[in-house]
Amino acid sequence: MISCDDELRRWPTDEAQARAVQDRLRPHVRLDEAGPEPGFEGTVVGVDVAYDDERDVVAAAAVALDARTRAVVDRATAVGQVSFPYVPGLLAFREIPTVLDALGRLARTPDLVVCDGYGLAHPRRFGLASHLGVLTGLPTIGVAKNPFTFRYAPPGPERGATSPLLDGTEEVGRALRTQTGVKPVFVSVGHRTGLDRACAHTLHLAAEYRLPETTRAADALCRRALADA
DNA sequence: GCGACAG
DNA sequence: ATCTTGTCGC
């Protein structure tokens with residue numbers, strides 16, 4: 001078992017340390033659980049972060065939706081100082097401290113967390129969603145807007161179509177068409193979830209727009225929190 | 001060395 | 001991520 005508090009206390013200050021942390025925590029990712037089944041009774045929480053580099057301020061939001069109806073049932077925000085620069089592959093170190101703060105302000109523990117970014121689809125198989133999952137112990141998935149460094153063949157034009165997201169020949173995630181005729185999103189497993197259910201949840205959450213409601217709600221809220229900070 | 005590169 | 005105008009459309 002890893003201690004979230006200890007990890008935060010020993011937050012890396014340079015890239016080499018950060019990569020070492022990823023290599024140390026990666027074995028704690030659990031890939032043997034299917035995760036919450038689609039339509040489960042509980043909450044899906046979306047998290048997102050906004051920055052003001054001028055003021056060195058970061059604002060995070062966590063929005064809890066009813067997993068079945070997608071109705072917002074709770075929301076929380078947190079504001080902090082930027083703890084790491086943006087480096088491709090090390091995004092988690094920039095976002096996680098403030099996200100954890102916001103998650104801790106929710107009234108109840110999430111049953112599933114949807115992150116803006118990747119989980120296993122990562123150069124060292126330990127993206128933001130996996131990192132957040134290992135620190136919290138919660139089931140997590142990553143939904144990204146861009147394919148990062150990975151390759152994919154365009155999925156079919158219909159909503160629900162998928163194609164493998166590939167690192168060489170390894171499927172690290174899936175391109176998922178959430179709306180007919182619209183650019184796909186890129187789904188990967190974070191922690192304690194399988195790829196099939198990760199895609200099913202994403203599709204259910206993206207009933208109306210390209211991005212899941214969790215992401216849209218968290219994005220709007222963290223922007224507002226940043227403006228008010 | 002050069003380009004690519006989640007947010 | 002963020003900087004940014006107008007514009008097309010429901």
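The values are calculated or read from the model by the stated rules, or taken from the named source; none is laboratory data. Computed from a prediction, not measured in an experiment: that's the story for all the values here. In this analysis, Cβ positions are derived from the backbone assuming ideal geometry, glycine residues included, and neighbour counts consider all displayed protein chains. Heads up: the accessible areas ignore ligands, DNA and RNA and are worked out on the full protein's heavy atoms, side chains in. Shrake-Rupley method; radii C 1.70, N 1.55, O 1.52, S 1.80 Å.
The figures follow:
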| read-out | value |
| --- | --- |
| Projected label distance in nm at A:Arg223 and A:Arg105, using a 7 Å step from Cα toward the beta-carbon | 1.9 nm |
| Structure-based [θ]222 nm, chain A - -39500 (n - 2.57) summed over DSSP H runs of at least 4, per residue, nearest 500 | -8500 deg cm²/dmol |
| Accessible area of the stretch A:4-228 divided out per residue, in Å², using a probe of 1.4 angstrom | 44 Å² |
| Listed residues A:Asp32, A:Asp116 arranged by accessible area, highest first, probe 1.4 Å | A:Asp32, A:Asp116 |
| A:Thr136 accessible area, assembled protein chains, probe 1.4 Å, Å² | 50 Å² |
| Overall form of the stretch A:1-43 per C-alpha gyration tensor (a/c, 1.5; a/b vs b/c) | prolate |
| Normalised contact order of chain A, rounded percent, pairs of Cα under 8 Å and 6 or more residues apart | 23 percent |
| Radius of gyration and Dmax over the Cα atoms of the stretch A:26-123, both given in Å | 14.6, 43 |
| Computed P(r) (all Cα pairs; chain A; 5 Å bins; percent) | 1, 8, 15, 20, 21, 17, 11, 5, 1, 0 |
| In sequence order, calculated HN-Hα J values of the stretch A:206-211 (Karplus, 6.51, -1.76, 1.60; Hz; x Gly/Pro) | 9, 6, 10, 10, 4, 8 |
